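First comes the structure, then the notes that go with it.
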Amino acid sequence: WRQMMDLDEADDWLSNSQRTVSMSTYEEHWRRLLWAEEKQLEIDIREFDMENTQLETVVDRGIHYLTLRVPGLAESRPSVLKGDQVEAQISGQRGPKWRGVAHRVQRDFVDLRFDHRFHQSYTAVSGQRVDIQFVLNRSTQRLFQQGCRLASLLPRQTLFPQVADLLQPASVRA
């Protein structure tokens, strides 16, 4: 659905969508709702992007990290977990964006690991500033989408039980 609809189309679909869902419309209905939610999450995460900030070089047990101070992290605004990603770009440049992975999350700091070339170039220039973009972790969304696809394999009475289904003994339903 990500490729099929832009945000305006999603808005139209949500406004005009059927209010009743059936076995034949279940997957499409929920996949579109999930897609719209993901688009909103992508918009919401942009609120936490950081411009013209500095990273601090930290070495712990021989491993080099670039530490990012993130105001609001202790309040989960933004929510950053180990394994989440950010993109860094040298401020004021059109150069490459470097993807970093959160290895440790502390109260107001995230220890990030980037490609070794970014670590080398960043630490070589004292006082260098970067623009940081948080990357939406799509794992949960992908799991929800998979659930929608697999729902078509379930018997009708699982998703849309009727009174008669509920009155039958379990052995008859199986």
May I ask you to list pairs of residues, at least six apart or on different chains, whose Cβ atoms are under 6 Å apart, with the first in segment 63-74 being aromatic (F, W, Y) and the second being open to solvent by 10 Å² or more (accessible area, probe 1.4 Å)? Y65/V58
Going by the structure shown, is R138 of a type in the set (K, R) and over 16 Å from L55 (Cα atoms)? yes
Name the residues in segment 19-62 that are within 20 Å of D108 (Cα to Cα) and among the aliphatic types (A, V, I, L, M), would you? I45, M50, L55, V58, V59
Can you confirm whether segment 144-155 contains a residue that is open to solvent by 70 Å² or more (accessible area, probe 1.4 Å), within 18 Å of the chain's Cα centre (by Cα), under 30 Å from S24 (Cβ atoms) and modelled with pLDDT of 90 or more? yes
Please state which of the following conditions M5 fails to meet, knowing it meets all the rest: (1) under 20 Å from F144 (Cα atoms); (2) open to solvent by less than 50 Å² (accessible area, probe 1.4 Å); (3) at pLDDT below 85; (4) assigned to a helix (DSSP H, G or I). (4)
Output the qualifying pairs, or none if there are none: Cβ atoms under 6 angstrom, residues six or more apart or on different chains, first residue in segment 76-104 and of a type in the set (S, T, N, Q), second residue in a loop (DSSP other than H, G, I, E, B). Q89/K97; S91/R129
For residues that are over 23 Å from T140 (Cα atoms) and of a type in the set (S, T, N, Q), scanning just segment 74-105, find the one that is surrounded by the fewest Cβ atoms within 10 Å (Cβ to Cβ). Q93
From the list E37, E51, E28, E47, which residue is open to solvent by 60 Å² or more (accessible area, probe 1.4 Å) and either farther than 29 Å from R142 by Cα or assigned to a strand (DSSP E or B) (or both)? E51
How do the pairs read when you match residues in segment 127-156 that are at positive phi with residues anywhere that are open to solvent by 50 Å² or more (accessible area, probe 1.4 Å) and among the polar types (S, T, N, Q), using Cβ under 9 Å and keeping only pairs 6 or more apart or on different chains? G127/Q54
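The values are calculated or read from the model by the stated rules, or taken from the named source; none is laboratory data. What you see is a predicted model; the values in this text were computed from it and never measured. When we count neighbours, we look across all protein chains shown, and the Cβ atoms used for this are built from the backbone with ideal geometry, even at glycine. Ligands, DNA and RNA are excluded from the accessible area calculation, which covers all protein heavy atoms including side chains. Shrake-Rupley method; radii C 1.70, N 1.55, O 1.52, S 1.80 Å.
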